[in-house]
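J.: Pasting a structure here, questions to come.
Values in this text are rule-based calculations from the coordinates and carry no lab data. Note that this is a predicted model, so its numbers are computed, not measured. Every residue, glycine as well, gets a Cβ built from its backbone with ideal geometry; the counts of neighbours run over all protein chains shown.
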Amino acid sequence: MIDVAFIGMGALSLRSAYVLAESGVSHTHKICMYEAKSTPARKILMAGIGGLNLTKDIHTAEFLKGYGEHASFMRTYINEFNSQDLISWVNELGISTFMGAGNKIFPKGLKATPFVRAILRYIASHNIETHYNHIMDDIQRLTNGMYKISFKNGAEIIAKTVIIATGGASYEKLGGNHDVIKLLDRKLGISYTEFQPFNVGVDVAWDNMKNNGEDHGENHGEDMSGKHLKSIALHGGKAGKYIKGDMVITSYGLEGMPIYAINQDIMNKQKVYIDLKADLSEEDIVRKINNISTKNSMSNRIRKGIKLKREAFFLLKQFHKDKLPKDVKEIAHLIKNLPLNHGGLHETNKSISSSGGVNLTELNSNLEVKNYHNLYLGGEMLNWNAITGGYLLTACFSMGDLIARVVIKST
Ligand SMILES: Cc1cc2nc3c(=O)[nH]c(=O)nc-3n(C[C@H](O)[C@H](O)[C@H](O)COP(=O)(O)OP(=O)(O)OC[C@H]3O[C@@H](n4cnc5c(N)ncnc54)[C@H](O)[C@@H]3O)c2cc1C
């Protein structure tokens, strides 16, 4: 019999197992971890390729705002283990950290491998067993209150306490799947909301990606995919957000932080607008265009007057199919309020995270399933979401921290 079984070896489980190891419980109790893939923590490791953004070094109250409508749910966990605690933990593991733009914290060298390796070494040296290539595909509660878990490879275990943290649905090759939440619903009646893409770009049915604007000389038939849009902003949505930042034109649509920050509004089908010239007011635009002789075409007056880049012109033509208005005030308004006509969020499999998952009403504040004593769920498999930039990992580590402390008390 196993005392504590972890299903999934990602962010939540690694922190949780570390805390159990540190407490000494792993020397008196049998603790085993089961991972579907042949290696653990693939999302953390993949994050390290672009630079592992662990957290943000800001005050907890400010940090919690990053969780939007999920801030009150997250408070319990982040208060338990906040960004300062996370930084100290990473440092204790022998990994130094540095602060990038926007108070974002990264491990030195940006890579995740030394961090993940250090945790694995620590838990192995504290008697915690790890089992790879174990895909959980069944779970039952036995009459004695224990859990019987079966794996696709034929293995079966009986465990007293089970911590399931199998993540969201993004990036199947890194472990993302829709199966576990469905299994929990089917076998234990634990309800869920379907996973949907989050922290992902939007699809746009580009009207001739290569030649759009050729007639007007805006992009000269150049393929616009991969082009960066700078000094741009998105605005709209329920709360009337205004998010400045860079975006990229892709073959399927648009990517970039402003899009991720407004994902929730896009999901809720709120109208979103592009400000193509975020560093100028509408009045400035009018004045600058009016400074250019009317002998020029309107396109040329815009280009010369406000130095609108080809990429921005491309969007203007794509999202405003009609002829440009003759009135300069109308043009200025359009440039600041261009409707983002999209086909919805891009694929879940390509998104950094997912929203949806096990409904939060199924759990108590210790993340124990209300109807199933000693069964804990947490991390991205639960129905909350947050923008990328350290918020996701910090949330998962903090939930793992709390679950471990609850389990220690009950052993
Ligand atoms: C490309 C990319 C970059 C990212 N960058 C950042 C970043 O910089 N900062 C940030 O905060 N967040 C980032 N994230 C998000 C972050 O990695 C995740 O939110 C976080 O890892 C989720 O932790 P978790 O413990 O819930 O699940 P995961 O870390 O996803 O771990 C779940 C584990 O469960 C395993 N599993 C799944 N099903 C089963 C099963 N049936 N049986 C057994 N095991 C199973 C999976 O293989 C996986 O190893 C990034 C994600 C991606 C994909």
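J.: Grab the Cα-Cα distance for ALA239 and GLU69, subtract it from 0.36 nm times how many residues apart they are, and report the gain in nm with one decimal.
T.: Working: separation 170, 0.36 × 170 = 61.20 nm, distance 1.15 nm.
Taking 0.36 nm per residue and subtracting the Cα distance, the gain is 60.1 nm.
J.: Could I ask something else about it? Between SER297 and THR193, with labels modelled 7 Å along Cα→Cβ, what's the label distance in nm to one decimal, could you check?
T.: A separation of 4.7 nm, rounded to one decimal place.
J.: Going Cα to Cα from LYS238, which aspartates and glutamates come in below 20 Å? Please leave out same-chain ones fewer than 8 positions away.
T.: List returned: GLU69, ASP265, ASP275.
J.: So what J values fall out for segment 20-31 if you push phi through Karplus, 6.51 cos²θ - 1.76 cosθ + 1.60 with θ = phi - 60°, rounded to Hz, Gly and Pro as x?
T.: 4, 4, 4, 6, x, 4, 5, 8, 10, 10, 7, 10
J.: A further question follows. Output the pairs from LYS65/LYS108; LYS56/LYS269; LYS244/LYS329; LYS230/LYS323; LYS111/LYS317 with a Cα-Cα distance over 32 Å in this structure; if there are none, say none. Numbers along the way, then the final one.
T.: On the way: LYS65/LYS108 27 Å; LYS56/LYS269 29 Å; LYS244/LYS329 23 Å; LYS230/LYS323 25 Å; LYS111/LYS317 40 Å.
Beyond 32 Å between Cα atoms: LYS111/LYS317.
J.: Another one. Kindly put PHE106, PHE73 in sequence by how many other C-beta atoms sit within 10 Å of each C-beta, fewest to most. Walk me through the numbers on the way to the answer.
T.: Working: PHE106 20, PHE73 16.
Fewest-to-most Cβ neighbours within 10 Å comes out as PHE73, PHE106.
J.: Follow-up question, since we're still on this one. What's the extension gain from MET46 to HIS59 if we count 0.36 nm per residue and subtract their Cα-Cα distance? Spell out each step's value before the answer.
T.: Numbers: separation 13, 0.36 × 13 = 4.68 nm, distance 2.75 nm.
Between MET46 and HIS59, full extension yields 1.9 nm more.
J.: With a Förster radius of 56 Å, plug the Cβ-Cβ distance of LYS230 and THR411 into 1/(1 + (r/R0)^6) and report the FRET value to the nearest 0.05.
T.: Numbers: r = 54 Å, r/R0 = 0.97.
Rounded to the nearest 0.05, the efficiency is 0.55.
J.: Give, as a single signed number, the net charge of other residues whose beta carbon lies under 9 Å from the beta carbon of SER398, with Lys and Arg counted +1 and Asp and Glu -1. Present the calculation step by step, with values, prior to reporting the outcome.
T.: Numbers: positive: ARG15; negative: GLU80, ASP85, ASP401.
Here the charged neighbours net out to -2.
J.: Sticking with this structure for a sec: Return the sequence-ordered ³J(HN,Hα) values of segment 36-45 in whole Hz as given by the Karplus equation 6.51 cos²θ - 1.76 cosθ + 1.60 applied to θ = phi - 60°, using x for Gly and Pro.
T.: 5, 8, 7, 9, x, 6, 5, 5, 4, 5
J.: Need the full-extension length gain, SER88 to ARG121, defined as separation in residues times 0.36 nm minus the C-alpha distance. One decimal, nm. Could you put the intermediate results ahead of the total?
T.: Numbers: separation 33, 0.36 × 33 = 11.88 nm, distance 1.79 nm.
Net length gain for the segment: 10.1 nm.
J.: For GLN270, what residues show an amide H to amide H distance below 5 Å, using hydrogens built from the backbone and excluding near sequence neighbours?
T.: none
J.: Arranged by the count of other C-beta atoms within 10 angstrom, fewest first, what order do MET1, MET99 take?
T.: MET1, MET99
J.: Under 5 Å between amide H atoms, partner at least 5 residues away or on a different chain: which partners does THR55 have, H built in plane at 1.01 Å?
T.: ILE105
J.: Give the cross-link partners of LYS152 among the lysines, using a straight C-alpha distance below 29 Å as the criterion and excluding same-chain residues fewer than 8 apart.
T.: LYS30, LYS37, LYS43, LYS160, LYS173, LYS182, LYS187, LYS350, LYS370
J.: By count of other Cβ within 10 Å, fewest leading, how are ILE285, ILE163, ILE387 ordered? Don't jump to the answer; show the numbers that get you there.
T.: Values: ILE285 24, ILE163 29, ILE387 21.
Ranked by crowding around the Cβ, least crowded first: ILE387, ILE285, ILE163.
J.: Return the FRET efficiency for the residue pair SER150, ASP279: r is the Cβ-Cβ distance, R0 is 45 Å, and the value is rounded to the nearest 0.05. Before the final figure, lay out the partial values.
T.: Working: r = 59 Å, r/R0 = 1.31.
E(calc), rounded to 0.05, equals 0.15.
J.: Using 1/(1 + (r/R0)^6) with R0 = 45 angstrom and r between the beta carbons of LYS182 and LYS321, what's the FRET efficiency to the nearest 0.05?
T.: Step by step, r from the Cβ atoms, then E = 0.60.
J.: Sequence-distant or interchain residues sharing an amide H contact under 5 Å with ASP137, placed H: which?
T.: Under 5 Å from the amide H of ASP137: SER150, PHE151, LYS152.
J.: Right, another one. Per DSSP H run of n ≥ 4, the term is -39500 (n - 2.57); total these for the chain, divide by its residue number, and report the mean residue ellipticity at 222 nm rounded to 500 deg cm²/dmol.
T.: -10000 deg cm²/dmol
J.: Additional query: Using Cα pairs under 8 angstrom and six or more residues apart, how large is the relative contact order of the chain, in percent? Please list the in-between numbers first.
T.: Numbers: 871 pairs, mean separation 95.6, N = 411.
Relative contact order for the chain comes out at 23 percent.
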